[in-house]
Amino acid sequence: MPISIKTLRAFTEGIPWAKVFKKAENTTKGQRLYPSQSHDKKKNFRIDKGATVSDTQQEIILQANKDAEDTEVKKSAQKDSHRILAKCVIDPNNVDAEKAKLDLEESFRANN
């Protein structure tokens, strides 16, 4: 079975978006933005910094955690822990959590 959209939504609803937006501005590509590694199991996914698109736009990437509690997420990560499940572009100067959640979900649906 594929990873459920319900599992993704549970993750995105718990993200402290203001902190993620702020952290994305000064983090190197490929570095983790959320959650800390000690929360991998409970959170199931992680958000990493993607490419810098422009001075005001940063890409964020959703990936599965190898230690995820959710069986399908764990299987996906064990198959390819670097697979991009979803991604979107954010503006660290304009925190819009709803847009980020919707864009990630749309990307997730298109890629899974």
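The numbers here are math on the coordinates, done by the rules we state, and not lab data. The model shown is predicted, which means the values in this text are computed figures rather than measured ones. Because the Cβ atoms are built from the backbone with ideal geometry, glycine has one as well, and the counts that use them run over all protein chains shown.
Among the listed values (i) 15.6; (ii) 14.7; (iii) 13.8, the one computed from these coordinates for Kirkwood radius over Cα pairs in Å is (iii).
Between N26 and R83, what is the label-point separation in nm under the 7 Å Cα-to-beta-carbon projection? Placing both labels 7 Å beyond Cα along the Cβ direction yields 3.5 nm. Overall, the stretch 5-111 carries a charge dipole of about 420 debye about its Cα centre when +1 sits on the Cβ of Lys and Arg and -1 on the Cβ of Asp and Glu, all other atoms neutral.
Full extension of the chain between N93 and E13 yields a length gain of 26.7 nm, computed as 0.36 nm times the residue separation minus the alpha carbon distance. Here the ratio of the Cα radius of gyration of the stretch 20-69 to 2.2 N^0.38 Å is 1.16. Taking the charge dipole of the chain about its Cα centre, with +1 at Lys and Arg Cβ atoms and -1 at Asp and Glu Cβ atoms, the residue from I5, V53, P35 reaching farthest to the positive side is P35.
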